[in-house]
1. Taking into account only those residues within region 105-142 that are closer than 22 Å to R56 by Cα and small (G, A, S), which is modelled with the lowest pLDDT?
2. Quick one: which strands (runs of 3 or more DSSP E) lie wholly within region 1-97 and hold at least 2 residues that are out of contact with any Leu (no Cβ under 7 Å at 6 or more places or on another chain)?
3. Among (1) over 15 Å from the mean Cα position of the chain (by Cα); (2) closer than 18 Å to G106 by Cα, which single condition is G34 missing?
4. Could you tell me which numbered condition Y62 fails, if it satisfies all but one of (1) touching a Pro at 6+ places or on another chain (Cβ under 8 Å); (2) farther than 15 Å from H120 by Cα?
5. Going through region 1-20 one residue at a time, which ones are acidic (D, E) and at pLDDT below 80?
6. Just need a number here: residues in region 21-35 that are out of contact with any helix residue (DSSP H, G or I) (no Cβ under 9 Å at 6 or more places or on another chain) and modelled with pLDDT of 75 or more.
7. I need the full set of residues from region 69-107 which are on the phi > 0 side of the Ramachandran plot and surrounded by fewer than 18 Cβ atoms within 10 Å (Cβ to Cβ), in order please.
8. Taking the condition of being within 11 Å of C119 (Cβ to Cβ), surrounded by 17 or more Cβ atoms within 10 Å (Cβ to Cβ) and free of Cβ contacts under 8 Å to residues at least 60 places away in the same chain, how many residues in region 30-63 meet it?
Amino acid sequence: MKRFHNWREPIPEGYFPKLDSLVASRTWPARSAGAILKDINRPVDQLNFDLQDLERWRDRIYEAIHTGAYINPRGERVPLTEFGGIDVLGNIMEASILSPNQNVYGDLHNLGHVAISYCHDPDHRYLVIEYPIVVISCKKIK
């Protein structure tokens, strides 16, 4: 396994879930080796975001870690303390209702899964309507 840090390079490993749902009569799509992440624009799924959004949120999270402070909704820098700092960073990454400022830190974790899951059909051009297995997990969590 190789670290995937440049989100604009091909993903070397493929993923073939070989899962289906007899109840729903559907299968889950695969990701071929060499797939490339692209901007997601799937109105049918109410999904529209750019890779630049993910990169911006990642950079802001790195900044919070490196400076030891995060930005609250009032635009103030709040120190990450040894007592609660790791919890704040976890809430920022998970992007739930507990996130201290979702406008600044976004939804990196969940939409990162979505970008990887829909790299086979990012703009719904091929009319793939099945949810990739990772997206179903993200939706259940929310």
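1. S117
2. 40-42, 47-49, 77-79
3. Among (1) over 15 Å from the mean Cα position of the chain (by Cα); (2) closer than 18 Å to G106 by Cα, G34 violates only (2).
4. (1)
5. Residues of region 1-20 acidic (D, E): 9, 13, 20.
Matches in region 1-20: D20 only.
6. Final tally of qualifying residues: 4.
7. G75, the sole residue that qualifies.
8. 0
The values are calculated or read from the model by the stated rules, or taken from the named source; none is laboratory data. What you see is a predicted model; the values in this text were computed from it and never measured. We place every Cβ from the backbone using ideal geometry, glycine too, and count neighbours over all the protein chains shown.
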